[in-house]
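Nothing in this text is a laboratory measurement; each read-out follows from the coordinates by a stated rule. Small disclaimer: the values here were computed from a predicted structure and weren't measured. Note that we place each Cβ from the backbone using ideal geometry, even for glycine, and neighbour counts take in every protein chain shown.
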Amino acid sequence: MILLIIISFILDGLLSSFSNLLVPLFTLSSLIIIYKKKKNFLIYSTITGLIYGIIFTNVFLLDLISYYICSIFIIFIFKKIDYNLINCLVLTVLNVILYRVIGFIVLSISNIIRFDMFILFKSIYSSILINLFYITIAYFIFIKIFNNSNKKKRKRYN
């Protein structure tokens, strides 16, 4: 779980340094994969949001709250639907939109950015495609790791 968060932080930093077209939110998207483990999910996601805010945005309180809200949203949705790739992809899109809208509203009200719907839409669509690609790869890699570790645990106890 922590490995996925570290990889996501590194990839967020690398890709955001090289591209203005594709704005990654890999750390936010990785919460969807981490949810599968569930144990202390809200704690991990809130701390992740705080660290993300400190490292990347300098609005750490906004990121802490945004990650917390997005995590509550993930929990709520996965209580209603099954955990599978298609649902993870849909939830990734919804989570990116939620995160961007929260940030846009707070920053617009605070007069840090001007209220321009084009800025909001650009931030959303520039993040969705790359995050869908990332979540697909992460899903297959980490779900396979989770399943293998669960099989080993079951074998030990049988």
Problem set entry | The one condition in (1) surrounded by fewer than 18 Cβ atoms within 10 Å (Cβ to Cβ); (2) among the hydroxyl-bearing types (Ser, Thr, Tyr); (3) in contact with a Gly (Cβ under 7 Å, 6 or more places away or on another chain) that Ser17 fails to fulfil | (3)
For this session: From the list Ile55, Ile69, Ile97, pick out the single residue that is of a type in the set (Val, Ile, Thr) and touching a residue at least 40 places away in the same chain (Cβ under 8 Å).
Result: Ile55
Exercise. Taking only pairs six or more apart or across chains, which ones have beta-carbon atoms under 7 Å, a first residue in segment 23-47 that is at positive phi and touching a residue at least 12 places away in the same chain (Cβ under 8 Å), and a second residue that is aliphatic (A, V, I, L, M) and surrounded by fewer than 17 Cβ atoms within 10 Å (Cβ to Cβ)?
Worked result: none
For this session: Take segment 104-131 and flag every residue that is touching a helix residue (DSSP H, G or I) at 6+ places or on another chain (Cβ under 6 Å), assigned to a helix (DSSP H, G or I) and surrounded by fewer than 17 Cβ atoms within 10 Å (Cβ to Cβ).
Result: Val106
Exercise. Which residue pairs have Cβ atoms closer than 6 Å, lie 6 or more positions apart in sequence or on different chains, and pair a first residue in segment 134-145 that is of a type in the set (Lys, Arg) with a second residue that is surrounded by 13 or more Cβ atoms within 10 Å (Cβ to Cβ)?
Worked result: none
